[in-house]
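Beneath this line is the structure, given in structure tokens, with notes to follow.
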Amino acid sequence: FFVLLLLVFLLEVTVTVLFFAYTDKIDRYAQHDLKKGLHLYGTPGNVGLTNAWSIIQTDFRCCGVSNYTDWFEVYNATRVPDSCCLEFSESCGLHAPGTWWKAPCYETVKMWLQENLLAVGVFGLCTALVQILGLTFAMTMYCQVVKADTYCA
């Protein structure tokens, strides 16, 4: 059990180190994949993705991954989803760009995450502490079992 916990912990540490080492590459891949995902917006079977984009664009007051023109490729027209509109109304995404959010969603959400990095860091450290305690207790139990076996044998 201890070895399994140790492997999981080491895997998590390795993934964290790799994440910070390759942040720029991960950034580019994430933006590329999000732009590809825009093409699934509003398609059958992708209600969750559609709702997620609508909520993000509404709550963060942004439009598209890099900017609102990302949606032009999706619709093959100069339009955006209604969740990009400054003031929501039916089919407002068909109006002029002056009525749409200008901020890029990727940068806006990334900035929000950086502002809340302390909370994420505290959560990560607490999780690591619980795992280290689990490792300690697992090793203590193992030592007690081995010690008991030597006295009982």
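Computed values, structure above
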item	result
Selection within segment 37-48 - open to solvent by 60 Å² or more (accessible area, probe 1.4 Å) and touching a Leu at 6+ places or on another chain (Cβ under 6 Å)	L40
Search result, residues across segment 91-124 that are of a type in the set (A, V, I, L, M) and modelled with pLDDT of 90 or more	A103, V109, M111, V122
Every residue from segment 54-88 that is touching a residue at least 40 places away in the same chain (Cβ under 8 Å) and not polar (S, T, N, Q)	I56, F60, R61, C62, C63, G64, V65, P81
Residue within segment 18-26 that is open to solvent by 50 Å² or more (accessible area, probe 1.4 Å), among the basic types (K, R), touching a residue at least 24 places away in the same chain (Cβ under 8 Å) and assigned to a helix (DSSP H, G or I) present	no
Within segment 51-153, helices (runs of 4 or more DSSP H) holding 3 or more residues that are open to solvent by 60 Å² or more (accessible area, probe 1.4 Å) and closer than 30 Å to R28 by Cβ	105-115, 117-152
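The values are calculated or read from the model by the stated rules, or taken from the named source; none is laboratory data. Model, not experiment: these values are computed from the prediction. Methodologically, a virtual Cβ is constructed for each residue, glycine included, from the backbone with ideal geometry; neighbour enumeration extends over all protein chains shown. The area values use the complete protein model at the heavy-atom level, side chains included, leaving out ligands, DNA and RNA. Shrake-Rupley method; radii C 1.70, N 1.55, O 1.52, S 1.80 Å.
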